[in-house]
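Reading through the structure tokens given below for one structure.
The values are calculated or read from the model by the stated rules, or taken from the named source; none is laboratory data. Every value quoted in this text rests on a predicted model; they were computed, and no experiment measured them. No Cβ is skipped: glycine too gets one built from the backbone with ideal geometry, and neighbour counts run over all protein chains shown. Heavy atoms of the whole protein, side chains included, go into the accessibility calculation; ligands, DNA and RNA do not. Shrake-Rupley method; radii C 1.70, N 1.55, O 1.52, S 1.80 Å.
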Amino acid sequence: MQNNELEFLEIDKNSEIHISELFQILKKRKFNISHEDLPDFNNHRNFVLNHPYRLWKIVKNKNKIIGTFYITFDNAIGIHLIKPSKTLYESIIKKIFFIYKPLKENKSIRSKYFLINVNPSNIKLIKALKIIGLEHIQNTYAYKNLN
């Protein structure tokens, strides 16, 4: 796949069409890190209106929406595809790295590198990251006993 087939569209958080499209993508996601249960549409809308990301884009391939990605203020990248594929992940990540640069390092707050958090079940993304040459630097565990 050529990077020029991919298009990154700025999410208009005030667009009901974008809010609805993002909700459809969220409902189809196979891999999650930040949530276990699907939020209702109103909670989703509120999140979109107040999202914490540095930037958030809809990803299109040949004019068809295939997913989204975001970059946070701590240089983390999240990529969510409707139909994940190693090739798509590779192309999207390479294009992100070509267009965007990480924010300046802030010791103990923000890495000077882009970081990508991956659900351990997302084998296609993990393989794409290895092919591109990203270094595996940590595993993260959640303590879910909230009693």
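Checked against (1) over 15 Å from the mean Cα position of the chain (by Cα); (2) on the phi > 0 side of the Ramachandran plot, residue 44 passes all but a single condition, namely (2). Looking only at residues in segment 91-117 that are under 13 Å from the mean Cα position of the chain (by Cα) and open to solvent by less than 40 Å² (accessible area, probe 1.4 Å), which one is farthest from residue 73 (Cα to Cα)? Within segment 91-117, the match that is farthest from residue 73 (Cα to Cα) is 92. Mind counting the residues in segment 1-18 that are at pLDDT 90 or above and either among the aliphatic types (A, V, I, L, M) or assigned to a helix (DSSP H, G or I) (or both)? Residues flagged as at pLDDT 90 or above and either among the aliphatic types (A, V, I, L, M) or assigned to a helix (DSSP H, G or I) (or both) within segment 1-18 amount to 6.
Can we say residue 124 is farther than 22 Å from residue 18 by Cα, part of a helix (DSSP H, G or I) and open to solvent by 30 Å² or more (accessible area, probe 1.4 Å)? Answer is yes for this residue.
One residue stands out among those in segment 41-66 that are touching a residue at least 24 places away in the same chain (Cβ under 8 Å) and among the hydrophobic types (A, V, I, L, M, F, W, C): the one that is most open to solvent (accessible area, probe 1.4 Å), which is 49.
Quick grid of which residues meet (1) over 19 Å from residue 26 (Cβ atoms); (2) free of Cβ contacts under 8 Å to residues at least 40 places away in the same chain:
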position	(1), (2)
82	no, no
87	yes, no
92	no, no
102	yes, yes
109	yes, yes
112	yes, yes
119	no, no
123	yes, yes
130	yes, yes
